[in-house]
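All remarks here apply to the structure that follows.
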Amino acid sequence: MDHSIGSNVRLLVRYNYSPSDFSERGPYITTERVLSTNQSIASSVQTLTTGLNQILTQNLANEVRVNYSKHKVETKYVADNFGGAAPVPDALVFPSGYSSATGSFAMTIDGAGVYTQGKNAIDEQNQVNIVDNVSWIKRSHQAKFGVDYRWLSPSTSPYAYRQQAQFSGVACPSTPSCAGYALSGTSVYGATFSWQSNELSTQNFSAYGQDTWLWTPRLTITYGLRWDINTPPKGKSAENQPYAVIGLNDPATMTLAPRGTSLYQTTYGNVAPRIGFAYQLDGPRKWPMVLRAGLGTFYDLGYGSVGGAFSYFPFEALKIVPGATLPLNAQDASPPPPVTGLPADTIVVADPHLKVPKTYEWNVAMEQSIVAATW
């Protein structure tokens with residue numbers, strides 16, 4: 001929707017909803033595919049953007065954009081009777097209080113594949129983005145100044161309980177179709193997991209200024225600065241907070257910092273200068289040629305390397321059951337209790353002096369326009 005408010009103000013509103021569903025029989029989990037297992041993926045994207053374009057004076061204009069977006073993906077595995085298979089009843093593999101709706105079961109048979117059923121995860125990303133940009137024209141200069149604010153809140157809800165076992169193979173006994181053999185055999189190992197859902201948030205702020213200067217009729221120079229402040233991710237609540245560590249350089253004496261300690265310190269010197277130019281060269285008549293070049297510094301958010309801090313300790317607990325016999329007895333099948341102290345099975349931490357990634361970029365391009373002759 002676009003709406004004019006007077007002659008100098010225009011309002012715009014955009015909404016988008018894009019659902020998608022995908023189902024695959026025999027998903028590619030290992031090289032051997034189990035055709036009685038279906039992988040189901042349901043996703044949806046919703047975005048809402050509002051904007052305001054204002055002409056303040058003949059040489060001054062302002063643009064505001066506010067956006068909210070939500071992206072949700074749900075993945076699960078469903079077993080059926082394809083090819084004569086018999087799905088495993090939930091009561092046989094899940095302890096009381098869990099089912100395929102909240103838990104996951106996987107059985108690996110070397111050479112035959114992975115049989116799996118139940119929930120995998122529900123992942124969601126929520127984002128709010130606000131941008132305000134002011135443009136000012138004065139003689140041969142076109143200046144732009146603005147601010148950019150972004151709030152991100154990703155969340156994940158994996159299976160609350162998982163049970164898995166691995167078998168080295170199956171030797172068919174003298175019973176019809178080897179019925180029940182795999183589940184009554186002794187595995188190489190068994191394991192149970194418990195996993196906590198978590199939700200985190202981050203905030204990013206940027207301010208920038210840029211001037212496009214028509215230095216000569218042939219030469220245009222663009223130069224500017226961008227200042228980025230990217231705060232480290234943190235849990236949205238106390239139970240979602242990851243742990244930082246003290247003494248990272250010495251694993252023998254490394255200890256946990258108080259829960260809620262920032263994973264690393266926010267850096268405030270992320271100033272990125274950039275410059276570029278475009279020069280129109282002499283070329284054949286009506287065939288203009290332009291030389292372009294640019295040089296600049298760019299800062300990334302830096303979250304990709306520390307996202308694992310929200311995926312393992314203290315959100316995951318693991319219990320190994322060597323040589324387990326399926327179905328597991330009640331004691332072995334019970335979910336492991338949460339772990340809140342070291343040692344931990346897997347812990348992802350960050351250097352407390354971590355700096356966000358910085359990229360230096362340069363480019364050179366030659367542009368040749370080909371204009372058709374007028375007949």
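Nothing in this text is a laboratory measurement; each read-out follows from the coordinates by a stated rule. Just so it is clear, the model here is predicted, and its values are computed rather than measured. Quick reminder, even Gly has a Cβ in these numbers, built from the backbone with ideal geometry, and neighbours come from all protein chains shown.
Stokes-Einstein, applied to the Kirkwood radius of the range 41-115 over Cα pairs at a viscosity of 0.692 mPa s and 37 °C, places its translational diffusion at 184 µm² s⁻¹.
Residues Tyr115, Tyr279, arranged from fewest to most other Cβ atoms within 10 angstrom of their Cβ, appear as Tyr279, Tyr115. Ignoring aspartates and glutamates fewer than eight residues from Lys144 along the same chain, the ones with Cα atoms less than 18 angstrom from its Cα are Glu63, Asp132, Asp211, Asp228.
Return a whole-number percent for the relative contact order of the chain, with Cα pairs under 8 Å and 6 or more residues apart as the contact set.
Numbers: 911 pairs, mean separation 47.5, N = 375.
13 percent.
Dipole of the range 223-375 computed with +1 at Lys/Arg Cβ and -1 at Asp/Glu Cβ about the Cα centre; of Asn363, Asn230, Ala244, farthest Cα towards the positive end is Asn363.
Each listed q (0.10, 0.14, 0.16, 0.21 Å⁻¹) maps to a log10 I(q)/I(0) for the range 24-167 from the Debye sum over equal C-alpha point scatterers, namely -0.56, -0.76, -0.89, -1.20.
One quarter of the convex hull surface built on the alpha carbon atoms of the chain amounts to 29.8 nm², the projected area averaged over directions.
Only helices enter the 222 nm calculation for the chain: every DSSP H run of n ≥ 4 contributes -39,500 (n - 2.57), and dividing by all residues gives -500 deg cm²/dmol, rounded to 500.
Applying both filters, DSSP loop and at most 15 other Cβ atoms within 10 Å, to the trypsin sites (Lys or Arg not before Pro) of the range 185-287 gives Arg218, Lys236, Arg259, Arg285, Lys286. In sequence order, the range 138-143 has phi-based couplings of 9, 6, 8, 10, 10, 9 Hz under the Karplus curve 6.51 cos²θ - 1.76 cosθ + 1.60, θ = phi - 60°, and Gly or Pro positions carry x. If you plug the beta carbon distance of Asn329 and Ala85 into 1/(1 + (r/R0)^6) with R0 = 45 Å, you get a FRET efficiency near 0.95.
Here the range 226-374 is assigned +1 on the Cβ of each Lys and Arg and -1 on the Cβ of each Asp and Glu. Its dipole about the Cα centre then comes out at about 600 debye. Spin-label model, Trp136 to Phe22: label points 7 Å out along the Cα-to-beta-carbon direction sit 4.8 nm apart.
Taking 45 Å as R0, compute the FRET efficiency from the Cβ-Cβ separation of Leu214 and Leu301 and round it to 0.05. The partial results should precede the final answer.
Values: r = 34 Å, r/R0 = 0.77.
Taking R0 as 45 Å, the efficiency between Leu214 and Leu301 is 0.85.
In what sequence do Phe94, Phe315 fall when counting other Cβ within 10 Å, fewest first?
Details: Phe94 24, Phe315 21.
By the 10 Å Cβ count, ascending, the order reads Phe315, Phe94.
Taking one equal scatterer on every alpha-carbon of the range 1-84, how large is log10 of I(q)/I(0) by Debye at q = 0.14, 0.18, 0.21, 0.23 1/Å? After summing over all Cα pairs, the log10 values are -0.66, -0.83, -0.96, -1.03. The lysines whose alpha-carbon is closer than 26 Å to the alpha-carbon of Lys72, local same-chain residues fewer than 8 away aside, are Lys119, Lys234, Lys236. DSSP beta bridges confined to the chain are antiparallel in about 95 percent of cases.
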